[in-house]
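Shown next, in C-alpha cells, is the structure this report addresses.
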Amino acid sequence: MSEEESPAQRVAIGISFGNSYSSIAHTSGEGKAEVIANEEGDRQIPSILSYVDGEEFQGTQAKAQLVRNSKNTVAYFRDFLGQDFKSIDPTPCHQSAHPIQHDSTVAFKIKDTAEGAENTVTVSEITTRHIRRLKNSASDFMGKTVNAAVITVPTNFSDAQKEALTKAAKDAGVEVLQFIHEPVAAVLAYDARAEAEVADKIVVVADLGGIRSDVAVIASRGGMYSILATAHDYDVGGTQLDQVLMDHFAKEFIKKHKSGGDPRENDRSLAKLKLESEAVKKALSLGSSANFSVESLSNGLDFTSTINRTRYELLASKIFAAFTRLALHAVEKAQLDPLDVSEIILAGGTAHTPRIASALQSAFPESTTVLAPSTSPTALNPSELAARGAAIQASLIQEFEAEDIDQSTHPMVTVTPHLAHAVGVLCISGDPASGVFRPLVEAETPVPVRRSAVIATPREGGDVLIKICEGVREIKVTKPAPKPKPAKDEDEDDEDDEDDSEEEEEEIREKAWRVENVLAEAALKGLKKGAKVEVQVNVAADLSVQCFVREVGGKGGVRGGWSAPKPVENGSI
Amino acid sequence: MAAVQISLPLPVLPEGWAAEKDFKAVGQLTHATDRNIEPVGPHFLAHARRKRHKRTFSEDDRIQAQVNVKKVEDEDAGEISEPEDPLMLQRDAKDWKGQDHYAVLGLSKYRYRATEDQIKRAHRKKVLKHHPDKKAAAGSTEDDSFFKCIQKATEVLLDPVKRRQFDSVDEGADVEPPTKKETQKGNFYKLWGRVFESEGRFSKIQPVPKLGNDKSTKEEVEHFYNFWYNFDSWRTFEYQDEDVPDDNENRDQKRHVERKNQNARRKKKTEDTARLRRLVDDALALDERIKKFRQQEHAQKNKKRLEKEAETKRLAEEAARAREEEARLQAEKEAAERAEKAEGKKAKEAAKNAAKKNKRVVRGSVKEANYFHVGGDAPAAQIDSALNIVDLIITKIDNEELAALTAQLNGKKDAGVIKQIFASEVKKLVEAGKLKESEAKSLLA
C-alpha cells in the first residue's frame, strides 16, 4: 500500500479507539453518520485480542476468552500506547495478559502462533492488529478498502502517543487524516444532526468510559469549539460499577452456598463473575431488574440471582456521586457556574446508566439539558458519539490533501484570541446602572466574529440610542422573596411561582449581567412605530470592531467602528 | 448564524445627544485570551479557509457561493456537452452490434471509466431529448430508430456482463501504440503511458502499475514489465459472435455456428495475447531505463572489482610492514638479553664479594668476642671450636641471612652481646632444623 493515498482514492471512516471498546462509523450518502457493525453484529467492539492456537480473535469472541485463556488475551491497552513502562497503570490488565517492559515501550508476552511459543508483542503491534481488524470490518461493510481514518483521542493524549498511534495505524494500512478530541467529536455528532441549530452555548461533555472518565467544558460558538477546561478521573468508570455488582453477587453466593468459597478468590470464577456483572449492569440500564446467572461459578456450583435497579443504584450511589462531582469540578475549573452550562452531553458506555443522567440533572440547574438516553428521547447513543463525530469529520476532510489538513490544523490557524467579556447592547435604559444588558457576542468567542441581533424599539417609535457595552456575567443569589418578583415574561412568571412553592428553603441563583465597559453609542432617528433595529457587530482578529446599525426594512443606517486595544507590554493579560 | 432576537426595547435617545454621523466610539475591547479552537467541524473549516486566505466574512461568503455554483454547472455540462453526430442519429436499431454505445449516450470521453450513475443520468438526458412522443409533438415523422438505439445502448451498458463484452471490443477506447520514430523525440513515457493505461482496463488485477518516468526505480520498472508479461486479461470476444439461428428446425446448423463461434473466440483471444506480448516487447526494446540500469549494474560490477584489487594490494603492504616490525622487535629483544646477561654476572660477583666481606666480619667478631671465652686469653681449643661453630653457621645460612647477621654484628664490641647474637642465630637454625643442637652447644651454653 502506498504511503499516502491521493484524496480521490481515499475511503475514510471514523474510528473511536477506546480502552474497553472501539467503534467504527462512516457517513452515508446523505451525510448521516452511521456506526458500522462488525461481522458479529457488534457496534461496540471490545478492544480485546485473544490468541488460541495461533488463531486471532477480536471483540466479543476475544472477551469470552478472558475466562478460559486470560494469559493470551490482551485487553485495555489503548492508554499504554506510546508510553514508557514507568508511566502506565497496569491495574485494568490484572485479569488478562500482563504488560511487561520492552525497550522503552510496553509489551505483552502471549502465545500468538500455532507453535505455542511465547512471543513478546509490543503494544503498538497489538494496536496495529486491532486497527487492522477494525479496518477489515469496515471494508467488508462498505465494499471497498478503507485506507484512511479520523481517530478520536482523549484530550490529554500526548504527542508521543499520537505519533505511536499514527504509526500503528499506518502499519495497518490506515492513514490517519486527523486526530480529534473525544468530547469535541461528541459535540460534533450532536451538531451535525439535521435538526440541530448553530448556537452559542457552553457544553459539558462527560465521557464515562470503562476504566476512566473524562469531562470537558467546551464553548461552542457558532459551530466552533474551544475547550475551556478538562478533568480526568482514572478511578471512576464502568469497571467500578461492575465491581459493586461483583461484590454484591459474590456475597449473595457465599450466603447461599457455604461450601462454595469466595468466587472472587479464584481467577476463573472472578472472570465469569466480571463478565456476567457487566451484562447485568447493561441490562439494568434498560430494564428495572436483571437476572444474574452463571453456570459453575465456583466449585462447580451454579448461581442465579436477581437484582433490581433501586438496589443497584443504592449500592453504587458513591460512584454516581463521584461522576457528578467530577462534572462540577470541571465547570469550576473553567471558572464558570453551573448556570452557564446549557447542555451536558453524556458519552461513553457507562453513560447509559439512567441514574448518572438524573444525578447530573439534579446537580445542574433546570436550564441545563442533559443529553442522555434516559433523560432525552432524541439523544444519540452515548457509545456511538465519538465514532460518529469522527466519521463526520472524516467526510469533511477526506477530499483535502494531507498537507492541506496539516496546514489547517496548525496552531497558526487554531490559536485564536477569544473575547474576555461578552459584547452586547443596553436595553430599556441607556444608564448602565438601570439598563438591561443583552449579549450579542458571548464571552470566550473566538475572533474574528460577526453577530447580528434584531432588537425591539419603544412602542411609539422615534429616536433611539444604541449603546454597545462589554458585560460581565454575575451570579445573583437571592433568598426566596416573600412575594413573587416582577416578572418580565408570562412564561417565566409561571416558572417562578412553581419554584417558589417548591423550594421554599433554597436560595435562588440567577444569571445577571453587569456592564463593565461602554464601547460605543449610536443613534437612529425617526423610527416608525413598531419598527425593529438590526445591530451587527463585526469583531476583527486584532480586536478592532466594526458596527452597523439600521432599521429593519429601512434604508441607510449608522456605521462606525473603533480601534483595537494597545498590546500589553509583557504579552500576558 | 441567525440573528439574535431581543424583545426588550431600546432606550429612547436622551435630549441633547449628538455625534458626528450619529456614532461615537467610547471605549475599547478588553484584551482577549488566546485559546486553541478545536480543528473540527464544518464551521472550523470555514474559519481555517478565511484565516489562511485572509478573507473577511462577506468576501468568503461571496467566493464560496461562486465556487459552489460552478461545481453544479460542471456536473451538468459534463455529459450533454457532446455534439451528436448526424450520421449516428440515422442509425438503424437493428444493427445494434455495430453501434458505439458510449457515443450514443454521449459518454465517449468516459467509455469504460463511466460509472453506472453517469450512464443512468446520460440515458435519462437522451431519453428526454429523443423520445418519439416529443418528436411527434414537434411535427417530425414518427421515427423512433435512434430512441431504440439509446435503449439498446443502455441495456448493454447497464448489464455488467454485456458491458464487459462490449468493452472488450470497444475500439474507441484503444490507443494505437506509437511508432519508433515518434518515441525517439523524447516523449516515450507520455505516448506509451497512454497505451498501457488503455490496455490496463482489461486487467483482472487492479490497480495496474503505471509506466512511470525516467526517475522510476529499478524495482518499479521491473515490477511494471513483470506485470505486463504475466498479464491476466478478462477480454472476451463473444460480442463479435455470429448470430446463432434459434429456430429449432436446423439443430446441426445451430451447433455448427456455435462451434464456429467458439473457435473464433479462441483464435481472437490467442491473437490478442500475442498482440499484447508484441506490444510489451516493443515498449521494452525502446525503454531507455533498461539500458540505464544495465549500465549502472556494469559500473557497480567494475567498482566491485577495483575495490577488490585495492583490497589485496593493501593487504600485501600490510603483511610486509608486519614482517619488518617483527624483525625489528626480535633484534631489540636480543640486545636486551645480552645486556641483561652482563649485568647478572656483575651482580653475582658483587654478591660474592659482599659474602666474603660479611664472612670476614663475622669471623672477626668472634675474635672480638674473645672466642666466647670468659676472661683472659682464650685457649687454643676454645678458639678452634669457636671458629668451627662460626664456620658451621656461615655454611648453614645463605647470603641474605649472612648480610643480616653482619648488620647486627657490625660495630658490636661487647663480647656478651656478640655471643647473644650468635646464640640467637644458632637457635633460629636449630628451630629451622638446619643445625643440630649438639653441634653448637658450646655457643648455647
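Only the coordinates and a few stated rules stand behind these numbers; no lab work does. All values derive from a computational prediction rather than experimental measurement. Here Cβ is always computed from backbone atoms with ideal geometry, including for glycine, and neighbour counts include all displayed protein chains.
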With Cα coordinates, the longest principal axis of chain A makes an angle with the long axis of helix A:238-256, in degrees rounded to 10, of 50 degrees
Can you list, bin by bin at 10 Å, the percent of alpha carbon pairs in the protein assembly as shown, starting at 0? 2, 7, 11, 13, 12, 12, 10, 8, 5, 4, 4, 4, 3, 2, 1, 1, 0, 0, 0
If you take the charge dipole of chain B about its Cα centre, with +1 on Lys and Arg Cβ and -1 on Asp and Glu Cβ, which of B:Ala403, B:Leu284, B:Thr154 is farthest toward its positive end? B:Ala403
A correct fewest-to-most ranking of A:Ser226, A:Ser259, B:Ser7 by other Cβ atoms within 10 Å would be A:Ser259, B:Ser7, A:Ser226
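In debye to the nearest 20, how big a dipole does the range A:145-246 give about its Cα centre with +1 on each Lys and Arg Cβ and -1 on each Asp and Glu Cβ?
Details: 7 positive and 14 negative charges, 35 e Å.
Here the range A:145-246 has a charge dipole of around 180 debye.
Just to confirm a number: summing +1 for Lys and Arg and -1 for Asp and Glu over residues other than A:Lys86 whose beta-carbon lies under 15 angstrom from that of A:Lys86, what do you get? Let's see the in-between values first.
Values: positive: none; negative: A:Asp79, A:Asp84, A:Asp89, A:Asp103.
Cβ neighbours under 15 Å give a net charge of -4.
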Ranked A:Lys32, B:Lys152, A:Lys135, criterion: other C-beta atoms within 10 Å, fewest first: A:Lys32, B:Lys152, A:Lys135
Under a point spin-label approximation (7 Å from Cα along Cα-to-Cβ), what is the A:Ser452-B:Asn388 distance to one decimal in nm? 14.7 nm
Given the options B:His256, B:Ala274, B:Ile205, identify the residue whose Cα lies farthest towards the positive end of the charge dipole of the range B:180-286 (+1 on Cβ of Lys, Arg; -1 on Cβ of Asp, Glu). B:Ala274
Amide H to amide H, which residues 5 or more places from A:Ala199 or on other chains are under 5 Å from it, using H placed in the peptide plane? A:Gly222, A:Gly223
Stretched fully, the stretch from A:Ala199 through A:Gln407 gains (0.36 nm per residue minus C-alpha distance, one decimal, in nm) 72.2 nm
State log₁₀ I(q)/I(0) for chain A at q = 0.06, 0.09 Å⁻¹ as given by the Debye formula over alpha-carbon point scatterers of equal weight, solvent excluded. -0.39, -0.80
Would you calculate the separation in nanometres between label points at B:Lys21 and B:Lys260, each defined as 7 Å from the Cα along the Cα-to-beta-carbon direction? 9.1 nm
Taking the alpha-carbon centre of each part, the distance from the range A:423-452 to the range B:256-281 in Å is 81 Å
Label-point separation in nm, B:Asp414 to B:Tyr112, each point 7 Å along Cα→Cβ: 13.0 nm
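Around B:Ile397, under 12 Å between beta carbons, what's the net of Lys plus Arg minus Asp minus Glu among the other residues? Intermediate results must be reported in sequence, preceding the final value.
Numbers: positive: B:Lys359, B:Lys396, B:Lys428, B:Lys434; negative: B:Asp391, B:Asp398, B:Glu400, B:Glu401, B:Glu425.
So the environment of B:Ile397 carries a net charge of -1.
If you take the beta carbon distance between A:Asp84 and A:Asp337 as r and set R0 to 60 Å, what does 1/(1 + (r/R0)^6) give as a FRET efficiency, to the nearest 0.05?
Working: r = 40 Å, r/R0 = 0.67.
Between A:Asp84 and A:Asp337 the formula returns 0.90.
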Which residues does a label at A:Asn517 reach in the range B:1-39, if reach means a backbone N under 17 Å from a point 7 Å past the Cα toward the Cβ? B:25-35
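Work out the FRET efficiency for A:Ala117 and B:Ile205 from their Cβ-Cβ distance, taking R0 = 25 Å, and round it to the nearest 0.05.
Working: r = 36 Å, r/R0 = 1.44.
Working from the Cβ atoms, E equals 0.10.
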With charges only on Cβ, +1 for K and R and -1 for D and E, what is the dipole size of the protein assembly as shown about its Cα centre, in debye, rounded to 20? 4900 debye
What is the distance in Å between the Cα centroid of the range B:1-36 and that of the range A:39-110? 59 Å
Number of Lys-Lys pairs in the range A:111-191 under 16 Å by Cα, sequence gap 8 or more or different chains? 4
Within-12-Å neighbourhood charge of A:Asp404 [Cβ basis; K, R +1; D, E -1]: -2
Taking the 0 to 90 degree range and rounding to the nearest ten, how far is the long axis of helix B:399-409 tilted relative to the main principal axis of chain B, both from C-alpha atoms? 50 degrees
Report, please, the projected area of the range B:144-258 averaged over directions, based on the convex hull of its C-alpha atoms, in nm². 11.6 nm²
Least to most buried among B:Glu343, B:Glu171 (fewest other Cβ within 10 Å first): B:Glu171, B:Glu343
Springs between alpha-carbon pairs under 10 angstrom, Gaussian network model over chain B: which of B:Asp214, B:Asp60, B:Asp272 fluctuates most? B:Asp60
Going by alpha carbons, how many degrees (0 to 90, nearest 10) lie between the helix axis of A:317-333 and the longest principal axis of chain A? 40 degrees
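Between Rg and the Kirkwood Rh of chain B, both from Cα atoms, what is the Rg to Rh ratio?
Numbers: Rg = 60.1 Å, Rh = 37.2 Å.
Expressed as Rg/Rh, it is 1.62.
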Using +1 at the Cβ of each Lys and Arg and -1 at the Cβ of each Asp and Glu in the protein assembly as shown, identify which of A:Ser305, A:Cys469, A:Leu270 lies farthest towards the dipole's positive end. A:Leu270
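Return the FRET efficiency for the residue pair A:Lys144, A:Asp53: r is the Cβ-Cβ distance, R0 is 41 Å, and the value is rounded to the nearest 0.05.
Numbers: r = 32 Å, r/R0 = 0.79.
Once the sixth-power term is evaluated, E becomes 0.80.
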What whole-number distance in Å separates the alpha-carbon centres of the range A:461-479 and the range B:81-119? 70 Å
Sorted largest first, extent of the range A:350-414 alpha carbons per principal axis (Å): 46, 23, 18
Can you compute 3J(HN,Hα) from phi for each residue in the range B:184-189, using the Karplus curve 6.51 cos²θ - 1.76 cosθ + 1.60 with θ = phi - 60°, rounded to whole Hz and x for Gly and Pro? 6, 7, x, 10, 4, 5
Search the structure for amide H atoms under 5 Å from the amide H of A:Val370, placed 1.01 Å from N in the peptide plane, and list their residues when 5 or more places away or on another chain. A:Ile344
